[in-house]
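A.B. asks: Structure provided below as C-alpha cells; questions to follow.
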Amino acid sequence: MSDGKLITFEGIEGCGKTTQLRLLARHLEDRSLAVVTTREPGGTPLGERVRDLLLDPRFGPVAVSELFLLEAARSQVVAEVIRPGLDAGAYVLSDRFADSSVAYQAGARGIDRAAVERLNTLACAGVVPDRTLVFDLDVELALARARYRPSTTADNRRFEDEAIGFHRAVAAAYHDLARREPHRVVLVDARGTAEEVHARAVAAVGDLIP
Ligand code: TYD
C-alpha cells in the first residue's frame, strides 16, 4: 500500500515553516502530484478543538497534560488524514508532527525524552516522516516575528509568551534531532526571502520527488 511520502515542517515559532509548506504544496501540485496538507495540533475536527485548548493562555495545562492533549490530537490526525493520504499515494505535508513533542515537551518542558518518544510511537501507529525539514532561524528574530504577526491574538499566544530561554531550548532540541537522525531530519537555513528558503526546501526533498 503506502507509497505516499510524509514530509513534515518543523521549527520554532516564527521560523516561516507554514509559508514554506504552502510553497512546497504548490510546487508539487504544479507537477501534477497529489498533495494532502495538514497541521498539528489540529487537522481533524477533534484536533482543532484540542488546538484551541492548547494555545489559549486561560488554560494552564501542566507539562504532562499538554503532552497528552497533543498526543490525542496526533493519533486522530494520523488515523483520519495522514495514513489514508499515504495509502492513497499522496505527498502528505504536515505543519508540525511528532518531532515537535520531542523539541517542546521533552527539550523545553523537560519531560523525559524516552517517555515522549513512546507516546509518539503509540500515536503515530507506524507512520514515520520520510523527510523532516527544520527551518532554522535566529531565535530573537523568529520570536519577534511570531509575537507581532496579526494571527497571534490574546486567546492563542500561550507559546509565543514563553520566555526566550524556552525557545532557545526548543531550537537546541531540533539541532540535536538533526544530528541524531541526519538522513531524515534536515536543517534548512530560514534566512532570506520566502523564495530563497523555498529553493533550499525543494533541494532538501529532491530525492523524494520524481
Ligand atoms: P503552530 O501552529 O505550528 O504554531 P506556530 O505557527 O506559532 O509555530 O503550533 C502551535 C504551538 O503548539 C506551537 O507553539 C508549538 C506547540 N506544539 C508543541 O508544543 N508540541 C507539539 O507536539 C506540537 C505539535 C505543537
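A.B. asks: Take Asp207 and Asp52, extend 7 Å from each Cα along the Cα→Cβ direction, and tell me the distance between the two endpoints in nm.
C.D. replies: Label at Asp207, label at Asp52, 4.3 nm between them.
A.B. asks: Quick one: if you stick a label point 7 Å off each Cα along the C-beta vector at Ala163 and Asp130, how many nm between them?
C.D. replies: 4.3
A.B. asks: May I ask you to list the residues of the range 87-113 whose amide nitrogen lies under 20 Å from a point 7 Å from Cα along the Cα→beta-carbon direction of Arg180?
C.D. replies: The answer is 96-113.
A.B. asks: Taking the square root of 5 times each eigenvalue of the Cα gyration tensor, what semi-axes in Å does the equivalent ellipsoid of the range 50-105 have, largest first?
C.D. replies: Numbers: eigenvalues 126, 25, 17 Å².
Working through the eigenvalues yields semi-axes of 25, 11, 9 Å.
A.B. asks: Follow-up. Identify, among Ser32, Gly85, Ala103, the residue whose Cα sits farthest towards the positive end of the charge dipole of the range 22-103, taking +1 on the Cβ of Lys and Arg and -1 on the Cβ of Asp and Glu, with the dipole about the Cα centre.
C.D. replies: Final value for the positive-end residue is Ser32.
A.B. asks: Give the average over all directions of the projected area of the C-alpha convex hull of the chain, one decimal, in nm². List each step's numbers first, then the result.
C.D. replies: Details: hull surface 43.5 nm².
Projected area, direction-averaged: 10.9 nm².
A.B. asks: Also, I was wondering about something else. How high is the relative contact order of the range 34-106, in percent, counting Cα pairs under 8 Å that sit 6 or more residues apart?
C.D. replies: Values: 81 pairs, mean separation 34.6, N = 73.
Relative contact order, the range 34-106: 47 percent.
A.B. asks: In addition: Under a plain spin-label model, where a point goes 7 Å from the Cα along Cα-to-Cβ, how far apart in nm are Thr18 and Ser32?
C.D. replies: Output for this residue pair reads 3.3 nm.
A.B. asks: Amide H neighbours of Val35 under 5 Å, at least 5 residues apart or on other chains, H built in the peptide plane: list them.
C.D. replies: Tyr91
A.B. asks: Looking at the square roots a ≥ b ≥ c of the eigenvalues of the Cα gyration tensor of the range 1-123, which shape do they give, rounded for a/c under 1.5, prolate if a/b is larger than b/c, or oblate? Intermediate results must be reported in sequence, preceding the final value.
C.D. replies: On the way: a/c = 1.92, a/b = 1.66, b/c = 1.16.
Prolate is the answer for the range 1-123, as a/c is 1.5 or above and a/b outweighs b/c.
A.B. asks: Between the range 122-149 and the range 22-69, what's the alpha-carbon centroid distance in Å?
C.D. replies: 12
A.B. asks: In what order, largest first, do Phe59, Phe68, Phe97 sit by accessible area if the probe radius is 1.4 Å? Show your work: numbers first, answer last.
C.D. replies: Working: Phe59 95, Phe68 115, Phe97 0 Å².
The most accessible residue leads, giving Phe68, Phe59, Phe97.
A.B. asks: Calculate one ³J(HN,Hα) per residue across the range 26-33 by plugging θ = phi - 60° into the Karplus curve 6.51 cos²θ - 1.76 cosθ + 1.60, and present them in order as whole Hz with x for glycine and proline.
C.D. replies: Once θ is set to phi - 60°, the couplings for the range 26-33 become 5, 4, 6, 5, 4, 9, 6, 9 Hz.
A.B. asks: What ranking do 4-12, 136-144 get when scored by the average of other Cβ atoms within 10 Å per residue, highest first? Please report the intermediate quantities before stating the final value.
C.D. replies: Details: 4-12: 25.3, 136-144: 17.2.
Those peptides, ordered most packed to least, come out 4-12, 136-144.
The values are calculated or read from the model by the stated rules, or taken from the named source; none is laboratory data. Values in this document were obtained by computation on a predicted structure and should not be read as measured data. In this analysis, Cβ positions are derived from the backbone assuming ideal geometry, glycine residues included, and neighbour counts consider all displayed protein chains. Ligands, DNA and RNA are stripped out before the accessible areas are found, and what is left, the full protein with its side chains, is counted by its heavy atoms. Shrake-Rupley method; radii C 1.70, N 1.55, O 1.52, S 1.80 Å.
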